[in-house]
Structure formats: structure tokens, C-alpha cells
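The values are calculated or read from the model by the stated rules, or taken from the named source; none is laboratory data. Since this is a predicted model, take the numbers as computed values, not measurements. Cβ coordinates were reconstructed from backbone atoms using ideal geometry, including for glycine residues, and neighbour counts include every protein chain displayed. In case anyone asks, the SASA skips ligands and DNA or RNA and just uses the protein heavy atoms, side chains included. Shrake-Rupley method; radii C 1.70, N 1.55, O 1.52, S 1.80 Å.
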Amino acid sequence: LTAVFTIALGVGASTAIFSVVNGVLLRRLPYAEPERLVLAWGDLRNRNVLDFPFPPGDVPDIRAQGTLFEGFAGVVTGRAPLTGDDQTPEQVVTAGVTPNTFTLLGLPIALGRGFTEEDGTPQPRLAQQAGAPAPQPGAQPPPRLPGTAVLSHEFWKRRYGGDRSIIGKTIDLQGKTVVVGVLAPGAELLFPPTTNVERWPDVWIALRLNFEGASRINVFLRLIGRLKPGVTVAQAQSQMDGIAADLRKRFPIKETAGLHFRLEPMQQDLVADVRPAILALMGAVIFVLLISCANVANLLLVRAARRERELALRSALGGTRWRLVRQMLTESLVLAVGGGVLGLGLAWLGIRLLASMGPASLPRLDAVAIDPLVLVFSAGASLAAAVIFGVVPALRASRPNAIEALRPTGRASGGRAGRWLRDSVVMVEVALSFVLLIGSGLMFRSFLALVRTDPGYDPAGILTFSVPTPRGPAQQRAAFIQTLHDRLAGLPGVQAVTAATPLPLDGLLANARWGTEAAVADPTRFQQANLHMVLPGYFEALRTRLLSGRVFTAADNDSSVMSLIVDDRLAAKAFPGRQAVGQRLYVRARGNEPEWYDIIGVVAHQRHVSLTSDGPEAIFLTDGHMGSGAVNRWAVRTAGNPTALAGPIRAVVTALDPLLPVSEVQPMTALVDKAMAPTRFALVLIGIFAAIAGVLAVVGLYGVLSSSVSQRTAEIGVRVALGAPRSSILQLVIGQGLRLSGVGIGLGLVGAFALTRVINTMLVGVKATDPLTFGSMVVIFFGIAWFACWVPARRAAGLDPTVALRED
């Protein structure tokens, strides 16, 4: 039973993690011929912001010159209020896509039709044609074309109950939009999690973009390309390099930005960030499986030693060595099958646990399941385990010393002869489990560092939510925002109210280019920074420290006021050794040309993208300066439970505008927990594996010492009869165990120094060779080993010499 359960732990743990490898890394993307799909990224070389989306103005050049591609599709996702369909207003997830997206990805339509090229016809504009007279002042713009939408199958079922008559109807999605089709079930957009592309859009909308005349600076499109058959990524990358070089040559802004394009195979890019962590976990769980095998091998070696008389008798009666090996391997296989079946049940439970605790940054976690490939792996792991733990004991048992074993007054000697083998197995167990213990110690140190990290704001007591600003003139938008702010501030228990786009850790990104006076003469000196559009009172509500100068006031919330606030990292980079307040910064934030701004304050850096790293520096501008209405992420601070404000906040928004949905209501601490989830996930898994490995190593150590005590019973009896004190017997047995542990820990230290570098990207605030962690784990493991040795040592010290001497 011990052997079966030990193998079940190893097989179950390895099967559960392999299901993650299979579902996340190996499973094909749900698109037509996904191996030919690539993601295209804009890459600003020598800048601190990478993986740029594309400006629509560059797309015509890419399509025309990209002759090695069957096509490119552009996507951008977001959220918008849905009204006008006789249903309750709702904030829905939208995907703006080029009309060829469904055909390029191979997403089938279940009802109605997909998009046609006509659905992407650009909106007509009041623009002067070449040679035409200038438009008259006050001329009315031409009527807008309605949008065209295709619903996801899941959204169609949830909101419309599967009503087929929705096809052809008009809904209001920040503009009149005609529903023309419904996608087949399971349609999804798979992009790396850091790009913040929504995976499950509710409504897909055909983009009406004038690509030929669109901006080459305003970036927002994510591009998906499909290679022609037989074209390699390297060939396509070479062509994209040529397209980027042509754009740099024709457009000075592209040259000063250092524009380059980068292609990545879609499947590889999707999992690039999590691949090292998953493979590290797979390596850790393979260690657990090996330790399980070593443990069972030790059990079988001890059992074979006790059966030496039986095996010697079989040999004396004509049993061949191969027959004895086959018998022992058959017994091992029976153990492995029992352990594999039980392990499969443990794996099923483990997969459910992984699904519940997996971080949002782990793509396609819902695809993790026990499928045929996982079953094959489980069977293979069980068979491999049988071979690993069965071969050595079988070979050892197949060579019994028949003369010694069959002596009428003798004892089986094979156990003593095979002691070195059992000791070696235990040392390997200790070494492997010690490596895992070091890994869990490093992850624990990382998690502590993450908990103690100062993010630059206080998330406790803040409720965050999203409310779209109604369309209208700038003054009307500003009035709505101010009214909503004042009414929220009047709610009982509310201490502060603010709004921003984006809020820290909310997954959204905006950026701006900045430079000092040197950038006026040399545009290559421009750099990138995160851009935050905020209401006055933002820093007070989030409790971000003001380091110098002042914060925004109501007077700064105006488009004509050229004031901004920077964080301390940007201040140190732009004005090293100088006071930043009072200096000027050249910033391009609201147009194609940069403008001069006065720095009125410097605040502590906020960790916006991640808690594990500082991230880019930041610039803060008021919402009014940006034209009012840019802010739609609200934060309300209260002294009590922030979730209790959800109902009153919804009531306030409904009273202002019944058609405005309130969405993404959650405490800010939930955003922090989400940011900590990947580190917590790795810590829990490696900690579980290390605990299992440690227990198995202790059991193995205990088993070897117990067997040793049993075999040395007569020797111990003689020692006691000759007056040896109890302490010397304890020292004898414990010393043997600690020597084995010392050698194993020494081997484990060498292995840990080499292998823990694999998890370096998962560590926060600690090095992979941290001496404190290594030293602490050595002390802890020696303590565990001492306890494992003390139990059989205590039994040995308590032996009655008269009983012990009867053994021989």
C-alpha cells in the first residue's frame, strides 16, 4: 500500500502538470491552419516600450508590400454600452476587426453572414477634395454609415435567448449598428495576456477605417498575418524588415522612433511569457516522480533482502536469472498499475485545483483537461516508474547467495551486501528533494518581497468601477464628470473620489513621447512613458506621495493649462541631479506635434503594469486638458468595506443616466491580488511538490535506517551487553542517517546552483543563488533528517540485549 500510494503521488502530480503543458503549450490554436498564423508587432528599438500595436496608416504599405502573406487582419478590443434593443443597458466587450478577420482566422458563422468588404467602407467625412472649393463654415457633415456587427454565440444565447430574429435589427453601440450574423460557439481572440486583448468579445464590429489617409502616429491595431504555404517565418521577417526600412525612409517620424517590425508565430507568442514557468514546474514534478520511484525502489530492495531465502530456493530448484527478474518486474508492474490508476484520480483533483487557482496571465487554462494525450502520458509515466524502481531491485534479487541464504542457522546476507545500493538511492532522494526545497524557499522569499512591495498607492478601502462618459460637446462631458464626482463624494462613508484612464493594474495602457530641450534639435532623444489622464484629487484619493511641488487643482483641469506631473523615475531620468519642478518638458500627448509643458509636481512612482517590476516612468495630465471625457475608470475610497458602496454607486449613475451601465465593479485590492497571482501560483505548486518530496525523502531515510537497525540487531545487542550507553547507540544510528543526508544535501546544493537559475524569471527581489535561502534550507533539511533518524535510533537504543542476541 505504501508503494502504491507513493507512486500515485508521483504519477498524479506529473500527470496534472503535464495536462497544463498539453493544454497551454501543446494544444493547437482553434483556427484554420494555425501554424501559418503570425502576430506582427511594432518594435521601437532603443526605447523602453516594446510590442507596439500598429497605426492604421501603416497597414496599406504592409498589405501592398507583404507579398509573402495571404493577408493581414487588424483587431482592437474594448468595452462599450449596449442600448436600443429593449433590454437592460449593459457594458459589453467589443472587438473592432477588419472585415477579413473571420476568413483569415477561419472562424465559422452559425447564423446570418460574416463581414464583407463593404462593411469596412470608411465613414464619409467633410473633407476638401483636391481642386474642390473649401467647405462653407457650418456645413453639415455627411450622414454616418451604420456599424455592422456579428454577435458571439454565447452572447446571443445569454442576452437574446437564441432569438434568430435579431439578425437585421439595429442596436445602439455608441452609434447605430446592424446585427448581420452570429458566430459559431467558442470563437475567441487569442493574444498574449500582456497585450490586454479581450479573449471573448460579445460583439464583433467591422472597422470603418480610411487606411489610406489614417494617422501614422496613433497606434491601436493588433495585426494578425497568415503566411502563404511554404513561407517560413524567417523569410517573412526579412520582408517585414524591408517594409519597415521603406517606412523609415519615407517618414521622418518613423526614423526618429527607430521603427522596426517583428513577427512571432502566433502559438509561440501566446505562451512566451508563461512557458519558462510551466516548464520549470514540469521539471519540479518530474523530480517528485523520480523521488517516488527511488522511494519505492528502496522498499523493494528491503523486501527483496527479506525474501532472499525464497529467491535462493527458487534458484536452487532451477529458476533462471531471467525468470527471477521477470517475476520481480511483474510485481513492480502490478504496483505501478495500481499507483497509476490512483494517480489518475489524484490528477483529476489536481486539475480542478489548478483551474480554480490559476492566474489570469496563464492563457487557455480552460483547455487543461484529461484528454487522450494526457492518458497516454499517465500510462507512460506509470510504466516508466515500474521500470525505474523495479529493474535495480530485480537485478539485485536475481543473484541470491544460495549457500549463505540456505544455511540452517544463517541469516540472509543480501540485505547487508545491498546496503550501499539502498544508501545511494536515499542520497539521490535527499538531493532531489533538497533542490525542490530550495526552489520553494526562493519562491517564498519572492512572495514575501512582493507582499512588502510599495506599489506607490494604497489599494485598501478603494472600490473601482467603469462608467462610460456620454457623447456630446466637451463642456457637456465635463459637466457630467463633475456632477458624477460630486454625487459620489456625497455618499455616506466616502472619503475621496477620483477617475483616471488608466488606473494602476487595470490592464489598460496609454503612452506619450517626451523629451527635454535637447529633443527639439534631435528628435531621436524622445523617449516613451506611460500616460495617465486623471481628475484633480487623483493622488490624494490613491494616497500617492507628493515628493515636491504640488498636485493638480480644479484650475489645472482645462485644455489651455500646460501643466503636468511626473513621477520620480522620469524626473531623475530627464533632469539628473536637478530639481524637476519648474522645468519644462516637451511632450506629444494630444496631437501629432509635441508641446511644451511646465512640471508642477513630482510624485512617487506607481507600479502600473506589474508588481514584480517598476515598469516605465509616468506622466500625468488632467482630463480637462485632454478635452474632457477620457477618464472612465473611477475609484472611490471609503473607511469601511468598499464593496458595500456598489449598490449606492449604481443608484447614483442610474439617476444621472439610466442607459449608462456600471461595470467591472471590484475592490482595488482585487487588482493587486490578480497581479500577485502568478507568483502565488508558482509558490503554491512548488511548495506542494517540495513538501511531497520532503516527506518521501524522510520516509526513504526512515526506511533505510529501520532496515539497518533490523539487520544490526545482534550487533547492537552485543554493544549494549558490553556496556555501551544509550547515547552511543543513538549517535550510531543518527550519525549514519545524517551522513547520508549530508552527502545528499551536498549533491543537492550542486544541483540547486545549476537548476534554480531556470526559475530566475519567476523570482522577485531575490537572486537564484541567494545565500540566505540556501543556508536556511540546509538547516531546515538537517532538522527534518534528524527527526527521521531519531525514530529508528530511539528504537535501537531501547533494544533488550537478551532479545537482540537471540537474533543469531
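Each Cα pair under 8 Å and six or more residues apart adds its sequence gap; the mean of these over the residue count of the chain is a relative contact order of 17 percent. Using the Cα gyration tensor of the stretch 414-571, with a ≥ b ≥ c the square roots of its eigenvalues, what is the shape: rounded (a/c below 1.5), prolate (a/b larger than b/c) or oblate (neither)? Because a/c hits 1.5 or more and a/b exceeds b/c, the stretch 414-571 counts as prolate.
Near SER563, the amide H atoms lying under 5 Å from its own belong to ASP598; only residues 5 or more places off or on other chains count, and H is placed 1.01 Å from N. Averaged over its residues, the chain has an accessible area of 43 Å² per residue, based on protein heavy atoms and a 1.4 Å probe. Taking all Cα pairs closer than 8 Å and separated by 6 or more residues, the relative contact order of the stretch 534-675 comes to 27 percent. Less than 5 angstrom separates the built amide H of ASN511 from those of LEU531, all sequence-distant by 5 or more or on a different chain. The alpha carbon centroids of the stretch 495-564 and the stretch 244-283 are separated by 28 Å. Considering only THR469, LEU671, LEU335, the residue lying farthest towards the positive end of the dipole of the chain is LEU335, judged by Cα position with unit charges set on Cβ. Radius of gyration (Cα atoms) of the stretch 526-591, expressed as a multiple of 2.2 N^0.38 Å: 1.14.
With the convex hull drawn over the C-alpha atoms of the stretch 600-697, the volume per residue is 189 Å³. Among ALA512, VAL233, ILE565, flag the residue with its Cα farthest along the positive direction of the charge dipole of the chain, charges on Cβ as +1 for Lys/Arg and -1 for Asp/Glu. With unit charges placed on the Cβ atoms, the residue in question is VAL233.
Can you bin the stretch 649-800 into rounded, prolate or oblate? Criterion: square roots of the alpha carbon gyration tensor eigenvalues sorted a ≥ b ≥ c, rounded for a/c under 1.5, prolate for a/b above b/c, oblate for the rest. Note, shape of the stretch 649-800 comes out prolate.
Computing log10 I(q)/I(0) by the Debye sum over Cα atoms at q = 0.05, 0.06, 0.08, 0.11 Å⁻¹ for the structure here picks out one of (1) -0.76, -0.78, -0.91, -1.23; (2) -0.39, -0.54, -0.84, -1.29; (3) -0.29, -0.42, -0.75, -1.41, namely (2).
Scanning residues 5 or more positions from GLN495 or on other chains, those with amide H under 5 Å from its amide H are ARG637, THR638, ALA639, with H placed 1.01 Å from N in the peptide plane. Surface composition of the stretch 206-249: carbon and sulfur atoms hold 51% of the protein heavy-atom accessible area at a 1.4 Å probe. Under the convention that each Lys and Arg Cβ holds +1 and each Asp and Glu Cβ holds -1, the size of the dipole of the chain around its Cα centre is about 2820 debye. Solvent exposure of MET626, expressed as accessible area, is near 50 Å², computed with a probe of 1.4 Å over the protein chains only.
Kirkwood radius for the stretch 67-114, taken over all pairs of different Cα atoms as the inverse mean of 1/r, rounds to 13.1 Å. To the nearest 10, the accessible area of LYS169 is 100 Å² with a 1.4 Å probe.
Placing +1 on each Lys and Arg Cβ and -1 on each Asp and Glu Cβ, with no other charges, gives the stretch 200-295 a dipole about its Cα centre of roughly 320 debye. Would you calculate, for the chain, the mean residue ellipticity at 222 nm contributed by helices, counting each DSSP H stretch of 4 or more residues as -39,500 (n - 2.57) and dividing by all residues, to the nearest 500? Roughly -15000 deg cm²/dmol at 222 nm, from the helical runs in the chain. Based on the Kirkwood approach, the hydrodynamic radius assigned to the stretch 143-267 is 17.9 Å, with every pair of different Cα atoms included. Shape class of the stretch 573-633 from the alpha-carbon gyration tensor: oblate, with a/c at 1.5 or above and b/c at least as large as a/b. Taking all protein chains as they are arranged and a probe of 1.4 Å, the heavy atoms of ASP454 leave approximately 100 Å² accessible to solvent. 3J(HN,Hα) along the stretch 54-63, derived from phi through the Karplus expression 6.51 cos²θ - 1.76 cosθ + 1.60 where θ = phi - 60°, amounts to 10, x, x, x, 7, 4, x, 5, 5, 5 Hz, with x in place of Gly and Pro. For the pair the stretch 737-759 and the stretch 22-36, the centres of their Cα atoms are 38 angstrom apart.
Rg and Dmax of the stretch 521-680, both derived from C-alpha coordinates alone, stand at 17.7, 55 Å. Derived scalar couplings between HN and Hα for the stretch 527-534 equal 10, 9, 8, 5, 10, 10, 9, 9 Hz in order, rounded to whole Hz, by the Karplus curve 6.51 cos²θ - 1.76 cosθ + 1.60 (θ = phi - 60°), x for Gly and Pro. Shown in residue order for the stretch 326-333 are the 3J(HN,Hα) couplings computed by the Karplus curve 6.51 cos²θ - 1.76 cosθ + 1.60 at θ = phi - 60°: 4, 4, 5, 5, 5, 4, 5, 5 Hz (x for Gly and Pro). Take every pair of alpha-carbon atoms less than 8 Å apart whose residues are at least six positions apart; their mean separation over the length of the stretch 558-597 yields a relative contact order of 35 percent.
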